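Here is the structure we will look at.
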Amino acid sequence: MRTDHVTDLEITMENPVERGDLSFRDYHELLSSEPRTISVLYRDRQLFDITIPPTVFNPVSSRSGQALADMILTGEIPVEGRRFVDLGCGSGLIGLAAAERCAKSVLYTDVNPNIEFLASHPGVRPETDRVVVQSFCESEEKGSADVVVFSLPSRIREEKPDDGTVSAAFMRDLDFIPDMVEKVADVLVPGGSFVFWYGIHPFQVHLFSQFIGLLAGYFDSASLKCLLEYQFDDGYTSTVYSITKKQGAGY
């Protein structure tokens, strides 16, 4: 298990935007206010560029996006020859890493309609990959994926954020978790893997416990594995877990 975010993946941005004293939300609102191009390098080899349109989350300073993409490229999250879902794909960073690592197919999916730019990205393979605007995987066939990777929004409020804004990348409402768990379980084949990034605030540990309890209805609790854990000085913990769908669940 990793205990930090040391990575061989590097993301740079043309005309970098300094964060200064801006909050996380305000900084990403600024980053997503206009098109910005990022370059993704891995072990000093340039993999691809992405020109990210307005309102789509920019992963240039995202610990979760960089860590998950790195873990795919190292093989810690096995994707080769498997049907892969980049859930909440945003810029497509994670799915493009899966394609680079020879996933059988990649579904890039998000509620944000501005992800459609990915359909013309040279790393998206037209014969195998798809870009679909939808809530979770609601229009996908049951058992159509082997791996789903998702970085869960860590901030909670009562109202659902506007799907066409960058806020949807890091804000969730109270119905988000149960809806997501059910849809992910539906799209995964029995024995398939759900890999998720979850930020645990010290005063919200009970919400993580509730989430794990919901997963147990569809997934094998004995297969739950922590792949990464990093603790900040304020008690906030970043984690990556994997869990396997129960044999026969949902069928």
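The values are calculated or read from the model by the stated rules, or taken from the named source; none is laboratory data. As the structure is a computational prediction, the values presented were derived from the model and not from experiment. As a convention, Cβ positions derive from the backbone with ideal geometry for all residues, glycine included, and neighbour counts pool all protein chains shown.
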Note to self: Here is a list: Glu229, Glu159. Which entry is surrounded by 13 or more Cβ atoms within 10 Å (Cβ to Cβ) and either in a loop (DSSP other than H, G, I, E, B) or touching a Ser or Thr at 6+ places or on another chain (Cβ under 9 Å) (or both)?
What the structure shows: Glu229
Item checked: Unique match (being of a type outside the set (Ser, Thr, Tyr), surrounded by 19 or more Cβ atoms within 10 Å (Cβ to Cβ), at pLDDT below 85 and closer than 30 Å to Lys104 by Cα) among Phe170, Phe219 -> Phe170
Checklist line | the range 135-146, residues that are surrounded by fewer than 16 Cβ atoms within 10 Å (Cβ to Cβ), of a type outside the set (Asp, Glu) and in contact (Cβ under 8 Å) with a residue 12 or more places away in the chain | finding: Ser135, Lys142
Checklist line | the range 148-173 residues that are of a type in the set (S, T, N, Q), paired with ones that are buried (at least 18 other Cβ atoms within 10 Å of the Cβ) and outside any strand (DSSP E or B) (beta carbon under 7 Å, 6 or more apart) | finding: Ser151/Ser64; Ser151/Gly65; Ser151/Leu68; Ser151/Gly88; Ser154/Phe170; Thr165/Thr55; Ser167/Pro161
Check: Of everything in the range 68-118 that's under 29 Å from Ser167 (Cβ atoms) and among the hydroxyl-bearing types (Ser, Thr, Tyr), which residue is surrounded by the fewest Cβ atoms within 10 Å (Cβ to Cβ)?
Finding: Thr109
Next item on the list: Taking the residues in the range 171-202 that are β-branched (Val, Ile, Thr), within 19 Å of Arg83 (Cα to Cα) and outside any strand (DSSP E or B) as candidates, determine which candidate is farthest from the chain's Cα centre (by Cα).
Entry: Val187
Next item on the list: Scan the range 77-93 for residues that are assigned to a loop (DSSP other than H, G, I, E, B) and touching a helix residue (DSSP H, G or I) at 6+ places or on another chain (Cβ under 8 Å) and jot them down.
Entry: Ile77, Val79, Gly88, Cys89, Gly90, Ser91, Gly92
Note to self: Looking at the range 120-134, can you tell me whether even one residue there is surrounded by fewer than 24 Cβ atoms within 10 Å (Cβ to Cβ), among the small types (Gly, Ala, Ser) and within 24 Å of Pro35 (Cα to Cα)?
What the structure shows: yes
Checklist line | Test for Pro54: is it free of Cβ contacts under 8 Å to residues at least 40 places away in the same chain and either over 18 Å from Ser151 (Cα atoms) or in contact with a Phe, Trp or Tyr (Cβ under 6 Å, 6 or more places away or on another chain) (or both) | finding: no
Next item on the list: Go through Leu224, Leu214 for me and flag whichever is in a strand (DSSP E or B), at pLDDT 95 or above, touching a helix residue (DSSP H, G or I) at 6+ places or on another chain (Cβ under 9 Å) and not hydroxyl-bearing (Ser, Thr, Tyr).
Entry: Leu224
